[in-house]
2 protein chains.
Amino acid sequence: MKPYILVTNDDGIQAPGIHALIMELLKFAEISVVAPLVEKSAVGHAITLSDPLRVEKFNKNGLWEGLAVSGTPADCVKIALNAVLNRKPDFVVSGINLGSNTGINVIYSGTVSAATEGAISGIPSIAISLTTYTHPKFEVAAKFAGKIVKNLIENPIESKTLLNINVPNVSEEEIRGVRVARQGMANFAEEFDKRIDPKGRTYYWLTGSKNKIEEPDDVDDNLIKENFITVTPLQFNLTDFSKVKAIEERIAKL
Amino acid sequence: MKPYILVTNDDGIQAPGIHALIMELLKFAEISVVAPLVEKSAVGHAITLSDPLRVEKFNKNGLWEGLAVSGTPADCVKIALNAVLNRKPDFVVSGINLGSNTGINVIYSGTVSAATEGAISGIPSIAISLTTYTHPKFEVAAKFAGKIVKNLIENPIESKTLLNINVPNVSEEEIRGVRVARQGMANFAEEFDKRIDPKGRTYYWLTGSKNKIEEPDDVDDNLIKENFITVTPLQFNLTDFSKVKAIEERIAKL
């Protein structure tokens, strides 16, 4: 029996990245596509509580069909698993995102949040991103997504597994290999571009780039620079166990 | 010199929770308030990339002044630290949220995401939430926020410290104490309420409640039920270090 995969993303159901992913997965899997109607980048782990969600049928030029949801990536996975799919998928695959989800970006990532929803529900889940905003070569990333899903079918993995994969935007020949990476911690040097609108009112655009800091070689951003595909297992218990004792001593004096 | 505190929230600048917090902090601190213009609950760690941000002056009946931002809680902290404040605050305090930010809720929390932004920028940061949606007693939580901030001034703490505090909605006499808690992992039993709008179209409301699972006594939700205030140190490196070896063996075969 073919594996059954829920496919979603945060760039929206019309994005070329999800199309490349779907075409690859269709070679060996049965799929359901439930993805945002419009782009929902950098929405973090947002869910829609104050508005109702709407679901529309979507047809990609007769190649595949899906459902477009008026919400966030996390909404898509929630509504798929709890309202619109007839059975539980074997995997959730989210992507292929246009732009890396490495380092501190991970916490802002809609692509990752969709995969996190899958893992919370006990389904092995993968987020996959291409580390470029221009001239994307989605085929390499799509092929790797297919390869890793097939591996996870042949050698089943713990149901709460959540993998964050980033693929350099180079040709297959230039890929130097696959490495398990840790999330980097470089923050952003943020700037706000202050402008005046035609009515004379001030507005701001968020801009900026990552601060360069020394980080270990096995950090995602460093491996990507060396043309490795990175695979980072993630978890979603944010407790900082290393600080428990220090905080305990402190609150004892309150 | 008085400590300088950036105050924000996710319920919006007009919410009673931020007002109670501000009135308490003003007793000993200088503050700047930069908070969302409208409610931004469950936005996760969303940031606004595709729209400009606007900033408006806000005056709370002559009691305090602040800036209302047309974005998310994370946007508020970013724009405060990088565009609108004249100097770096000593603390970021986010809240008081109406509703708990315990267990899996932490990953959807705008309140926590604002504090996370502070910690990423190297400022000790606190998220504080009241575990109720009805008949909130903000005073107890506000008083505790004041107490812990004063403690952190007198005994300085690591700059990246991020504390997630939840306060039970009971009188001060009923509070049994303060405990360091770990984030619980119970997921939600989600349901979507399917309805038909006046034009005959289907829409869905997300609903549901936390699954009851057996968890250790030191989990936030369990301590809250026993009327303890919980303090959970958080971190934002999501790497699951426990799985690195297993994934390494797996990808070696790809």
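The values are calculated or read from the model by the stated rules, or taken from the named source; none is laboratory data. Treat the numbers as computed from the prediction; the structure is a model and nothing was measured. Neighbour counts run over all protein chains shown; Cβ positions are idealised from the backbone, glycine included.
Table: residues versus (1) within 8 Å of another protein chain (Cβ to nearest Cβ); (2) buried (at least 17 other Cβ atoms within 10 Å of the Cβ).
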{"residue": "B:150", "(1), (2)": "no, no"}
{"residue": "B:166", "(1), (2)": "no, yes"}
{"residue": "B:183", "(1), (2)": "yes, yes"}
{"residue": "B:199", "(1), (2)": "no, no"}
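Scanning the stretch B:25-45 for residues that are within 29 Å of residue B:104 (Cβ to Cβ), out of contact with any Ser or Thr (no Cβ under 6 Å at 6 or more places or on another chain) and not in a strand (DSSP E or B) yields a count of 5. Taking first residues from the stretch B:1-12 that are assigned to a loop (DSSP other than H, G, I, E, B) and partners that are of a type in the set (Phe, Trp, Tyr), the Cβ contacts under 9 Å between residues at least 6 apart in sequence or on separate chains come to B:2/B:28; B:3/B:28; B:3/B:91. When residue A:200 is tested against the conditions (1) assigned to a loop (DSSP other than H, G, I, E, B); (2) touching a residue at least 12 places away in the same chain (Cβ under 8 Å), the lone failure is (2).
Please verify whether residue B:187 is surrounded by 13 or more Cβ atoms within 10 Å (Cβ to Cβ), facing another protein chain (nearest Cβ under 7 Å), more than 24 Å from residue A:82 (Cα to Cα) and at pLDDT below 95, treating the condition exactly as stated. So residue B:187 does not fit the description; no.
A single member of B:127, B:115 is in contact with a Ser or Thr (Cβ under 7 Å, 6 or more places away or on another chain) and not in a helix (DSSP H, G or I), and it is B:127. When residue B:50 is tested against (1) under 21 Å from residue A:44 (Cα atoms); (2) part of a loop (DSSP other than H, G, I, E, B); (3) touching a Phe, Trp or Tyr at 6+ places or on another chain (Cβ under 8 Å), only condition (3) is not met. The residues in the stretch B:201-220 that are loosely packed, with under 14 Cβ neighbours inside 10 Å and within 26 Å of residue A:244 (Cβ to Cβ) can be counted, and the count is 6. Here is a check on your reading of the model: is residue A:141 in contact with a strand residue (DSSP E or B) (Cβ under 6 Å, 6 or more places away or on another chain), part of a helix (DSSP H, G or I) and within 12 Å of chain B (Cβ to nearest Cβ)? Considered against the rule, which asks whether it is in contact with a strand residue (DSSP E or B) (Cβ under 6 Å, 6 or more places away or on another chain), part of a helix (DSSP H, G or I) and within 12 Å of chain B (Cβ to nearest Cβ), residue A:141 comes out as no. Residues in the stretch B:207-254 that are part of a strand (DSSP E or B) and at pLDDT below 90 were compared, and the one that is nearest to the other protein chains (Cβ to nearest Cβ) is B:208.
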